[in-house]
Amino acid sequence: MKIIKGIVIKYPQENINTDLIVPARYLVNSDPQYLAKHCMEDFDSEFRQIKNELQATILVAGSNFGCGSSREQAPIALKASGIELIIAPSFARIFFRNAINIGLPILQFPDLKALNMGDKLDVDLEQGFIRNLSSNQSYSFTRFPAFLQKIIKLKGLVNFAKEEIANSGMKS
């Protein structure tokens, strides 16, 4: 699995819910790029501008990120907006699964004070290692089990299932 390199956009508030990530009024259109245009706008109307100015691809968020309704459009909107990794102390369980299922890497890391807006990070999901290039500090985290790492590496559950079927000799 490759190392994810990126710049941090940080929202340390707890309980950022799926209604704030992608408001329900935009769910009439399932196009990922459409959802990306409205990603986080009810939480921070300047999210897209800040993310683009920083060229941020790593979202650092507070505990219980993605709580609320079970809409899979929330991780889809984040991924389509250019977020390549989400780091938080904890995730709502349904958001956790939805992110993994679409191949959006997430990781649980409790020390939000170690990661700041604009920091440059190298993150190795396979080895469980964060290197903060801005502070010259390194941190470890608990890695996902191999099967979850494989789902992320294959960019989602559908591709994982296709590979499993192909490797089993069954026809899809």
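Sort through 49, 13, 33 and tell me the only one that's polar (S, T, N, Q), outside any helix (DSSP H, G or I) and at pLDDT 95 or above. Explain how you work it out, then say what you get.
Working: 49 fails: outside any helix (DSSP H, G or I); 33 fails: outside any helix (DSSP H, G or I).
Going through 49, 13, 33 in turn, just one is polar (S, T, N, Q), outside any helix (DSSP H, G or I) and at pLDDT 95 or above: 13.
Assess whether residue 16 counts as being touching a residue at least 12 places away in the same chain (Cβ under 8 Å), buried (at least 16 other Cβ atoms within 10 Å of the Cβ) and touching a Leu at 6+ places or on another chain (Cβ under 9 Å).
Criteria not met by residue 16.
Is there any pair linking a residue in segment 155-167 that is without any contact (Cβ under 8 Å) to a residue 40 or more places away in the chain to one that is surrounded by 13 or more Cβ atoms within 10 Å (Cβ to Cβ), with Cβ under 6 Å and at least six apart or on different chains, and which?
160/151; 160/154
What are the residues in segment 56-81 that are of a type in the set (D, E, K, R) and either surrounded by 19 or more Cβ atoms within 10 Å (Cβ to Cβ) or touching a Cys at 6+ places or on another chain (Cβ under 9 Å) (or both), if any? Quick ask: steps written out before the conclusion?
Taking segment 56-81 and keeping what is of a type in the set (D, E, K, R), we get 71-72, 79.
Selection gives 71, 79.
In this structure, does residue 141 turn out to be touching a strand residue (DSSP E or B) at 6+ places or on another chain (Cβ under 6 Å) and either surrounded by fewer than 20 Cβ atoms within 10 Å (Cβ to Cβ) or at pLDDT 95 or above (or both)? Give the derivation first.
Numbers: touching a strand residue (DSSP E or B) at 6+ places or on another chain (Cβ under 6 Å): yes; either surrounded by fewer than 20 Cβ atoms within 10 Å (Cβ to Cβ) or at pLDDT 95 or above (or both): yes.
Yes: the conditions hold for residue 141.
Give all pairs with beta carbons closer than 6 Å in which a residue from segment 57-69 that is touching a residue at least 12 places away in the same chain (Cβ under 8 Å) meets a residue that is charged (D, E, K, R); count only pairs at least 6 apart in sequence or on separate chains.
57/84; 60/10; 62/14; 63/14; 64/14; 68/19
Out of all the residues in segment 82-96, which are under 11 Å from the mean Cα position of the chain (by Cα), surrounded by fewer than 17 Cβ atoms within 10 Å (Cβ to Cβ) and within 17 Å of residue 67 (Cβ to Cβ)?
Residues satisfying the conditions do not exist here.
The values are calculated or read from the model by the stated rules, or taken from the named source; none is laboratory data. A quick note: this is a predicted structure, and the numbers were derived from the prediction, not measured. A quick note on method: Cβ atoms are made from the backbone with ideal geometry, for glycine too, and the neighbour counts reach across all protein chains shown.
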